[in-house]
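To start, the structure under review is shown below, and the notes come after it.
Since every read-out is calculated from the coordinates, none of them should be taken as a lab result. A quick note: this is a predicted structure, and the numbers were derived from the prediction, not measured. Cβ coordinates were reconstructed from backbone atoms using ideal geometry, including for glycine residues, and neighbour counts include every protein chain displayed.
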Amino acid sequence: MSIISQNIKVSLSICIIALGMGAAHAAGDIEKGEKVFKKCKACHKIGEGAKNAIGPVLTGVVGRKAATFPDYSYGKSMRKVRETGLVWSEENLDGWLTNPKKFLRKILDTRKAKAKMKFKLKKQADRDNVIAYLKTFSVEMKKGAMKKDDMKTEATPAMAKPAMAVAATHICVENQSGKTLLFVVEAKGGERVVKTLNAAENLCTPQKMADAGGTVGVFLNEDALEGCSRLAKAGQAERLVAYEPFDNCTWAQ
Ligand code: HEC
């Protein structure tokens, strides 16, 4: 157990340093992203009541599983990507927007993969900004999904259920990734709780441990040296939507 906790401690510190330095890409500018999105509008609709067009509806696409918008006829390679369970994390969107065909070839590990989307966004700043803009539509998606019955089966994990109620002295983490993973919650004071959580389980610090906040972390298993971590406030639950190592996890807002 001591080796395990040391591993976790080490990787948590690495992750926290990474958090401090900012993510791999600068946070995008929503207003600039709205302008960039004009290029996408030729094929994609977004927002309340949006309908599929040449491309699928993009409302709530950040955190959504690839190729799962109802009634859109995705290409063959995209349907294969859906089988892998790939989630549109910011990192994956960045890869897709850089070069959709190349992205599919990398994910599916075949030179035969083809994307129905021929459009590319070459500038990193444009990609960062448009992703920031896309993120602003995830809340609307949740509202829409409550109304629409057909969305239930295709619901992204992000809207699986509302955040749990958390006492003001707790830090909690909820596993909504659909996978069994190792979670760590650590109060600023240093007390740490480590537990493997099945899908839809959660973990909290014991009462009165965490008024000052702390961190939550997630790893594939006890031997994993890399995972994700996130600063956590007392009194609210951090919700993991999708797991991907090297701090590429998707968390609900
Ligand atoms: C010329 C048309 C066209 C343009 C312009 C375009 N797309 Fe697409 N997009 C498509 C098509 C077609 C697909 C479906 C791909 C497939 O099934 O292979 C798609 C798929 C996607 C997906 C995957 C959605 C899902 O449900 O899995 C995302 C994300 C996406 N596009 C984002 C964008 C963004 C952001 C822009 C603007 C920067 C953009 N697209 C511009 C046609 C376009």
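Compactness check for the stretch 169-244: Cα Rg over 2.2 N^0.38 Å is 0.98. Out of every Cα-Cα pair in the stretch 30-156, what percent are more than 19 Å apart? I get 45 percent for the Cα pairs in the stretch 30-156 exceeding 19 Å. Cβ-to-Cβ counts within 10 Å put F246, F37, F183 in ascending order as F246, F37, F183, the fewest first.
Within a 10 angstrom radius of the beta carbon, how do R230, R111 rank from fewest other beta carbons to most? Present the calculation step by step, with values, prior to reporting the outcome.
On the way: R230 17, R111 7.
Least to most surrounded, the residues fall as R111, R230.
Going from the residue with the fewest nearby Cβ atoms within 10 Å to the one with the most, W251, W88 rank W251, W88. Under a Cβ-Cβ cut-off of 11 Å, what is the net charge of the residues other than D29 that fall near it, where Lys and Arg count +1 and Asp and Glu count -1? Value of the local net charge: -2.
Taking amide H atoms as placed 1.01 Å from N in the peptide plane, the amide H of S89 lies under 5 Å from those of G63, each 5 or more residues away in sequence or on another chain.
Lys and Arg at +1, Asp and Glu at -1: add these up for the other residues within a Cβ distance under 9 Å of L182 and post the number. Cβ neighbours under 9 Å give a net charge of 0. Annotation: amide H-H contacts under 5 Å for Q236 (H modelled 1.01 Å from N, sequence separation of 5 or more, or interchain): C172. Other residues with beta-carbon under 11 Å from the beta-carbon of P56 carry, at +1 per Lys or Arg and -1 per Asp or Glu, a net charge of +3.
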